[in-house]
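Below is one structure, written out as structure tokens; comments come after it.
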Amino acid sequence: MQSRTMHKSNGSRAERGGDAGVARDEAVAAIIPNLSWRYSGGTATNQAIAPGLARLMRIGWLGPDRPGEVPRLSLGGLMRLRAPRAVPVVWHARRNIEMAAGLVLKFLGWPFVVIFTSAGQRRKTITTRWLIARMAAVISPSAVSASFVPRPAIVIHHGVDLARYAPAPDRAAAWATTGLPGRYGIGCFGRVRAQKGTDLFVTAMCRLLPRYPDFTAVVIGDTIGVHHAFAERLKADVAAAGLSDRIRFLGALPAEEVPRWYARVSIYAFTSRNEGFGLTLLEAMAAGAALVATRAGAAELLVDDGKTGMLVPPDNADALSAALENLMRDPAAAAAMGRRARDKAVAEFGIDAEVARIAEVYRSVRSIPAKTLPR
């Protein structure tokens, strides 16, 4: 699960990253297709950027999970776009199915310029490489992700809504509202599966919580499909350790509740074995949690080791346990680390910086002569 979700932010211009006063470009039209009924990181990122883009230009959302601020593109509206147009329409895909759909519609006469965001850090399949070769442009959220793209990619780092993901005025009081044991929370958010390293977190908590009675751990995320048995084994391990009351599996929560949990936990554990970017880590930073992160995804870009968080090797429960214990032993130091993490998120990772750069890509691909675009 990724927790970037649809919302209406009441944050100030400075907190959001600031697009107030920027003229809306009525000439630029783009479609954000969300052609998956399963909530994923691609959906979460679409939801995060679409409202900002809609303030800058004409945007239509095709598919489920539409943010309220973004106009819905119906199938009828999509059909009407096939009429001759003076300017092309950007189709911004994040999945193979969306790349393929955009190319098919283009072949059938829709005036689409198809681009793709490639976040995964893995070798591309033959199908994916074939599709990517036909994109007008490719965006990646980090240089590492870009290195797996079989053509030059534009690196645009993810951002976070700094008003939605923000520290609680009183973290201890926020934790107390949960009714869970202890004075402090430790969180690990994301789909419960081996790739996310949830088992590493559970192992660390089973070792540490008996020694630190003031802490309780929460795992937030779904356990769909083939990963259900994995999650059940973890719950059985927790029960065998006698810690079912202090290692809580909360499942996939409603989207609006997740930012509140970031603001409640004092320490956030990012435990992925491999990752495209790792949005949950950025969200935890913005919420002012102290961070322990495996060196996966964009962790080394986001975390200043020893200052805004602690970095550990992937797939190493011993190193993860040691780093978490350093923070559990000194809650005041953990709180100070969380404040520095928030400061870095505010200084470097506001959502509107990401939105502005994506808007630049939209404008640039629309200016490419049609005869030079991939087919």
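Test of understanding: ordering Met57, Met328 by Cβ neighbours within 10 Å, fewest first, what list do you get?
Details: Met57 17, Met328 21.
The fewest-first ordering by Cβ neighbours comes to Met57, Met328.
Counting only pairs 8 or more residues apart or on different chains, how many lysine pairs in the chain have their Cα atoms under 21 Å apart? Write out the running numbers ahead of the final one.
Working: Lys106/Lys371; Lys124/Lys196; Lys196/Lys235; Lys307/Lys344.
Here the count comes out as 4.
Estimate the FRET efficiency between Lys124 and Asp330 by the formula 1/(1 + (r/R0)^6), using the beta-carbon distance for r and 51 Å for R0, to the nearest 0.05.
Values: r = 44 Å, r/R0 = 0.86.
E between Lys124 and Asp330, to the nearest 0.05, is 0.70.
When the dipole is taken about the Cα centre of the chain, and only Lys, Arg (+1) and Asp, Glu (-1) are charged at their Cβ, what size is it in debye, to the nearest 20? If you can, show how the numbers build up before the last one.
Numbers: 49 positive and 31 negative charges, 279 e Å.
For this selection, approximately 1340 debye.
For a distance above 22 Å, tell me the whole-number percent of Cα pairs in segment 171-348 that qualify. Show your work: numbers first, answer last.
Details: 5775 of 15753 pairs.
That tail contains 37 percent of the Cα-Cα pairs.
With a sphere of radius 14 Å drawn around the Cβ of Leu302, what net charge do the other residues whose Cβ falls strictly inside it have (Lys, Arg +1; Asp, Glu -1)? Intermediate values should be presented prior to the final figure.
Details: positive: Arg295, Lys307, Arg340, Arg342, Lys344; negative: Glu275, Glu283, Glu300, Asp304, Asp305, Asp343, Glu348, Glu354.
After counting each charged neighbour, the total is -3.
How fast does the chain diffuse by Stokes-Einstein, in µm²/s, taking the Kirkwood radius from C-alpha pairs at 37 °C and 0.692 mPa s? Walk me through the numbers before you get to the answer.
Working: Rh = 21.4 Å.
After rounding, the answer is 153 µm²/s.
Per the Cauchy relation, a quarter of the hull surface: what is the mean projected area of the convex hull of the alpha carbons in segment 178-245, in nm²?
Directional mean of the projected Cα hull area for segment 178-245 stands at 4.3 nm².
Taking the beta-carbon count within 10 Å as an exposure proxy, list Leu281, Leu234 from fewest neighbours to most. Walk me through the numbers before you get to the answer.
Numbers: Leu281 31, Leu234 21.
Final ranking by Cβ density, sparse to dense: Leu234, Leu281.
Please list the non-local residues whose amide H lies under 5 Å from the amide H of Gly297, H modeled 1.01 Å from N, same-chain partners needing a gap of 5 or more.
Glu275
Which order results if Arg357, Arg72, Arg193 are arranged by neighbouring Cβ count within 10 Å, fewest first?
On the way: Arg357 15, Arg72 11, Arg193 21.
Fewest-to-most Cβ neighbours within 10 Å comes out as Arg72, Arg357, Arg193.
For segment 173-188, what does the Karplus curve 6.51 cos²θ - 1.76 cosθ + 1.60, with θ = phi - 60°, yield as ³J(HN,Hα) per residue in whole Hz, taken in order and with x for Gly and Pro?
Once θ is set to phi - 60°, the couplings for segment 173-188 become 5, 5, 5, 4, 5, 6, x, 7, x, x, 9, 9, x, 10, x, 9 Hz.
A short reminder: the numbers here are calculations on the coordinates, not readings from a lab. These numbers come from a predicted model, not from an experiment. Cβ sites come from the backbone with ideal geometry, for glycine too, and all protein chains shown count toward neighbours.
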